[in-house]
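Here the structure comes first, spelled out in structure tokens, and everything after it is commentary.
The values are calculated or read from the model by the stated rules, or taken from the named source; none is laboratory data. Everything numeric in this text was worked out from a predicted model, so none of it was measured. Using ideal geometry, Cβ is built from the backbone for each residue, glycine included, and neighbour counts are taken over all protein chains shown. Just the protein is used for accessible areas: all its heavy atoms, side chains included, with ligands, DNA and RNA removed. Shrake-Rupley method; radii C 1.70, N 1.55, O 1.52, S 1.80 Å.
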Amino acid sequence: MTIDLRSDTVTRPTKEMKDAMFSAKVGDDVFNEDPTVIALEEKTAALFGKEAGIFCPSGTMTNQIAIKVHTQPGDEVICESTCHIYNYEGGGIAFNSGAQAKLQVGDRGRMSAKQVEENINASFDWLTRTSLVSIENTCNRSGGSYYSLSGMKEIAETCKKYSLKYHLDGARIFNALVESKYSAQDAGKLFDSVSVCLSKGLGAPVGSVLLGSKEFIVKARRVRKVFGGGMRQAGYLAAAGIYALDNHVKRLTEDHARAKELGEVLKSLPFIESILPVDTNIIIFTLSDKMKSEDLVARLKSKDIISTGFGKQTIRFVTHLDFTDEMLEKTIIELKSLK
Ligand SMILES: *Cc1c(COP(=O)(O)O)cnc(C)c1O
């Protein structure tokens, strides 16, 4: 039994999900003729109270399309220093949109409206034009922390006041929703665009959906084609997404409970210096001086437990659909046996 705690992207489709995929009705989605893709887009848009959606191969693509549609070359995007769009999308803000990032250090990944407001440039010819604010919920690099509804709303009000666009990188928005208890609609209506990932905690093999107004999605479809993301009989993949939305959202609380239990065990170990609060399914902890992350990763690997170093002395564990109670038990036993 291999236990994989590297990411919630390592899940494999369940038998029921595969059945849904193989029985999907499909067509050519570049011609807008795949009924299952259309159903997924409409379902996700309705869930978040948006007018329309577009299915894409990855969350990187949905984020990058949103940035491209919302900005002009030379513009500035206000975002948090640990965010995915800046750190883990290959410099895409500059590469795809010719825009730049104005990074803020937030409270465990969460920016405040005040920070946003203080960083909007005045409209002098020589200053960079601020056009977009992008937030991440939950915040990956900050250990799965999530925004309060009022935290997101205050930034929305600031964006409105200064006519800025507001994007949500919701790669793990469902983890935030099941934990915080605000609804998808409450969150969705605050943003001009929302990226929702199906292949993280929800366990689909591929895909993200980008949501927004009808006008925004018309523009997004053009950009998706330019980025090479126009897929043909993608309904086989969309069917997995529909299945995931119907069956794999509520159960995220199980991933959170297992993560919290792992967090408690880690706290009690002598070679662990500190651990970020475990709010959802991500556990980030720092080792004491005596141990390096590569050493602990190697020792766990020898026990068939795979994890990722997140820096010299920091390690990340992520719980997910394929991490069972049996695996939790074994992981706890192996961790406790380490000296
Ligand atoms: C994983 C992730 C994405 C998108 O990732 P893809 O692998 O391109 O689907 C975007 N934002 C965050 C916060 C993520 O964790």
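Using the structure shown, decide if Leu202 is part of a loop (DSSP other than H, G, I, E, B) and under 30 Å from Val69 (Cβ atoms). The answer is yes for Leu202. Collect the residues in segment 142-163 that are crowded, with 20+ Cβ neighbours inside 10 Å and either outside any helix (DSSP H, G or I) or modelled with pLDDT under 95 (or both), keeping them in residue-number order. Selection gives Ser142, Gly143, Gly144, Ser145, Tyr146, Tyr147.
Summed over segment 114-138, residues that are more than 16 Å from the ligand (Cβ to nearest atom) and hydroxyl-bearing (Ser, Thr, Tyr) total 4.
Restricting the first member to segment 215-236 and to residues that are farther than 21 Å from Lys165 by Cβ, and the second to residues that are assigned to a helix (DSSP H, G or I) and open to solvent by 100 Å² or more (accessible area, probe 1.4 Å), the beta-carbon pairs closer than 8 Å and six or more apart or on different chains are Tyr236/Phe22. Please determine whether any residue of segment 268-275 is open to solvent by 50 Å² or more (accessible area, probe 1.4 Å), at pLDDT 95 or above and in a helix (DSSP H, G or I). The answer is no, given that none of the residues of segment 268-275 is open to solvent by 50 Å² or more (accessible area, probe 1.4 Å), at pLDDT 95 or above and in a helix (DSSP H, G or I). Being touching a residue at least 40 places away in the same chain (Cβ under 8 Å), open to solvent by less than 40 Å² (accessible area, probe 1.4 Å) and part of a loop (DSSP other than H, G, I, E, B), is that true of even one residue in segment 97-112? Taking every residue of segment 97-112 in turn, at least one turns out to be touching a residue at least 40 places away in the same chain (Cβ under 8 Å), open to solvent by less than 40 Å² (accessible area, probe 1.4 Å) and part of a loop (DSSP other than H, G, I, E, B).
Among residues of segment 30-47 that are not assigned by TED's automatic domain parsing to the domain that holds Ala184, none has a Cβ under 8 angstrom from a residue that is at pLDDT 95 or above and open to solvent by 50 Å² or more (accessible area, probe 1.4 Å) at a sequence gap of 6+ or on a separate chain. Filtering segment 58-68 to residues that are more than 8 Å from the ligand (Cβ to nearest atom) and either among the β-branched types (Val, Ile, Thr) or open to solvent by 10 Å² or more (accessible area, probe 1.4 Å) (or both) leaves Ile65, Ile67, Lys68.
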